[in-house]
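The next block holds one structure in the form of structure tokens; read it before the comments.
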Amino acid sequence: MLYSREMPKLLSILIPMYNEEEAFPYLKSELSEWLDKFGCDVEVVLVDDGSTDKTLKLAMAWAEENERIIVVVLSRNFGHQLAITAGLDAVAGDAVVIMDADLQDPIEVITTMLERYCEGYDVAYGKRTEREGETIFKRVTADIFYWMMKKLMLENLPSNTGDFRLISRDVVDELRRLGENGRFIRGLTTWVGFDQIAVPYTRKPRAAGRTKYPLLKMIKFAADAIFSFSDLPLRFFVWIGMMSIMASVFMIIYTFYLVIQKNEGLVVGWSSIVVLISFLSGMTLLSTGMMGLYIGRIYTEVKNRPLYIVKKTFNIERGDLGKR
């Protein structure tokens, strides 16, 4: 049951950034214009994820101009999902909007998300009805990924969504309790529960710059999502192993039958044996590699290293992270 609530006393806008020098002026211009029109207090938390261009310099200059702009600088590139995690530890708002710096997710959609927040929803996630400027390949692979995640792992995971969403303080607090390294924020947001609703919108082309998710990073991101939420790949190879054993039993029975019948074609069976051995050897290597990936993740988790390292901050004390 939903309970209506007032607008947040403080809204946090969390933006992870990695080499967004070209897009930054557009982000600053549009966000500044929107902030001037907005009716409640807003803080903007920019997380620099080890940028190697002028992104950090531009962010620092904006923070000097406006005390509402908070900059969290990570010591190196930890990845998009961990940059969001660092931002979640820094935000102080009653509600938090997560968005990217490339302006593909329109700022004006935040107003609709806030309306859903006031209706009582704890998560208002952006659902892409159209994806302008994206290739057919990216759209098809995204559809396949979400189909796999929904059918095999997270049944409630909404499709055609990204990390663009508004989440309440309650959801932020729960996400901060989760400590795994291989993070899939949109999956974790679904997993923690709470009342969630879609906010449809048209995704725009990038304002400037290039995507930070080329094919290899997309594959790694998909692997993180799958391995973080399911042991299905391991169970899949258990099923394959059982079917292979059953097939081998039938082949043994068939071989004995040929021996009893003194079938002259028995000697010719070497080809089927080679094929069978090759198939089983390949499946063995593949399943061993799959187990190795899970073991590697266990190894990473038990080391208990920090998820990220903050190098410095602006307009917020480093010791205040996660305590405000």
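For V45, nonlocal amide neighbours, meaning residues 5 or more places apart or on other chains whose placed amide H falls under 5 Å from its own, are I13, L14, I15, I70. Does a label point 7 Å from the Cα of A92, set along Cα-to-beta-carbon, have any residues of region 45-84 with amide nitrogen under 18 Å, and which are they? From region 45-84, the list is 45-47, 63-73.
Between Y3 and D170, the simple label model (points 7 Å from Cα in the Cβ direction) yields a spacing of 0.8 nm. Answer rounded, prolate or oblate for region 1-81, using the Cα gyration tensor with square roots of eigenvalues a ≥ b ≥ c: rounded when a/c is under 1.5, else prolate when a/b is larger than b/c, else oblate. Prolate shape, in that a/c is at least 1.5 and a/b is the bigger ratio. Segment R177..M291, full-extension length gain: 38.3 nm, with 0.36 nm per residue of separation and the alpha-carbon distance subtracted. Averaging the sequence gap over all C-alpha pairs within less than 8 Å and six or more residues apart, then dividing by the number of residues, gives region 1-124 a relative contact order of 40 percent. Computed from label points 7 Å out along Cα-Cβ, the spacing between I277 and I298 is 3.2 nm.
Amide H contacts for V199 (H built 1.01 Å from N in the peptide plane; partners 5 or more residues away or on another chain; cut-off under 5 Å): Y125, G126, K127.
Between K311 and E22, the modelled labels are 2.2 nm apart [label points 7 Å from Cα along Cα→Cβ]. Amide H to amide H, with H built 1.01 Å from N, Q104 comes under 5 Å of A207, counting only residues 5 or more places away or on other chains.
A short reminder: the numbers here are calculations on the coordinates, not readings from a lab. As the structure is a prediction and not an experimental result, all values here were calculated from the model. Glycine also receives a Cβ, built like all others from the backbone with ideal geometry; neighbour counts cover every protein chain displayed.
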